[in-house]
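S.K.: Take this structure first; my questions come after.
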Amino acid sequence: MTPATLLAAGRTAALAAEQKSAEVTDWAARIGWLVGLALFVALVYWLMREGWKWRGTLQGDLPELPSAPSEPGEATLTMSGRYHGSTTAGQWLDRIVAHGLGTRSRVELTLTEAGLDVVRPGASDFFVPAGQLREARLDKGIAGKVLTEGGLLVVTWAHGDRLIDSGFRSDTAAEHTEWVDTLNQMINNTEGAR
């Protein structure tokens with residue numbers, strides 16, 4: 001063997017002696033962290049649910065929602081889309097959750113001379129009599145949903161002693177302007193007849 005070969009063999013032996021085996025994963029500690037994280041997420045979810053229920057309790061004075069009359073009349077406008085929730089009028093972050101008004105869902109809206117029929121598959125349906133409609137406008141957001149300017153149809157209506165804003169988004173956004181014009185004209189005609 002040449003001195004260079006001996007030197008290389010010596011270096012290889014020294015490197016092999018310095019190398020250690022990889023550390024074994026501490027599975028108990030890792031599982032402990034995962035269980036702790038899962039408990040933390042469960043706690044946050046539980047607190048959010050309790051907050052939702054508490055909000056519903058605070059809004060318990062809200063009267064039951066009216067249902068559609070048996071003979072509502074001929075449909076003036078119809079729309080299918082999404083119901084995004086209801087808030088206290090003018091306070092777009094104060095969500096109303098009582099009577100299922102906080103539940104997002106698909107929606108079928110029908111406007112008749114009797115009022116606005118809101119049919120929500122999988123959630124509580126309700127009816128807004130024509131005399132309780134106050135305003136319709138295009139807006140950009142309601143609690144939990146923000147869209148581009150004019151992307152949301154917001155209908156303001158009276159229920160009990162409260163004014164409520166309900167947000168809807170049509171599957172065809174071009175319908176919103178027609179709904180605002182028709183609803184506001186209907187509201188003006190109803191107020192003029194009083």
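The values are calculated or read from the model by the stated rules, or taken from the named source; none is laboratory data. All values derive from a computational prediction rather than experimental measurement. Here Cβ is always computed from backbone atoms with ideal geometry, including for glycine, and neighbour counts include all displayed protein chains. These area figures cover heavy atoms from the full protein model, side chains too; ligands, DNA and RNA do not enter into them. Shrake-Rupley method; radii C 1.70, N 1.55, O 1.52, S 1.80 Å.
S.K.: Express the carbon and sulfur contribution to the solvent-accessible surface of the chain as a percent, rounded to the nearest whole number, probe 1.4 angstrom.
M.R.: Answer for the chain is 58 percent, counting heavy atoms of protein chains only.
S.K.: Explain nothing, just the number: dipole magnitude of the chain about its Cα centre with +1 on each Lys and Arg Cβ and -1 on each Asp and Glu Cβ, in debye rounded to the nearest 20.
M.R.: With only Lys, Arg, Asp and Glu charged at Cβ, the dipole is about 1060 debye.
S.K.: Also, I was wondering about something else. Would you calculate, for the chain, the mean residue ellipticity at 222 nm contributed by helices, counting each DSSP H stretch of 4 or more residues as -39,500 (n - 2.57) and dividing by all residues, to the nearest 500?
M.R.: Using -39500 (n - 2.57) per qualifying helix, the result is -12000 deg cm²/dmol.
S.K.: Mind running the shape call on segment 96-191? Use the C-alpha gyration tensor, a ≥ b ≥ c as the square roots of the eigenvalues: rounded below 1.5 for a/c, prolate if a/b tops b/c, oblate otherwise.
M.R.: It is rounded, given that a/c, with a ≥ b ≥ c, falls under 1.5.
S.K.: At what distance in nm do the modelled label points of E50 and E64 sit from each other, each positioned 7 Å from its Cα along Cα→Cβ?
M.R.: Each label point is offset 7 Å from its Cα along the Cβ direction, giving 3.2 nm.
S.K.: Sort 147-159, 31-43 by the packing proxy (mean of other Cβ within 10 Å over each peptide's residues), most packed first.
M.R.: 147-159, 31-43
S.K.: In Å and whole numbers, how far do the C-alpha atoms of the chain stretch along each principal axis, longest first?
M.R.: That gives 114, 37, 29 Å along the principal axes, largest extent first.
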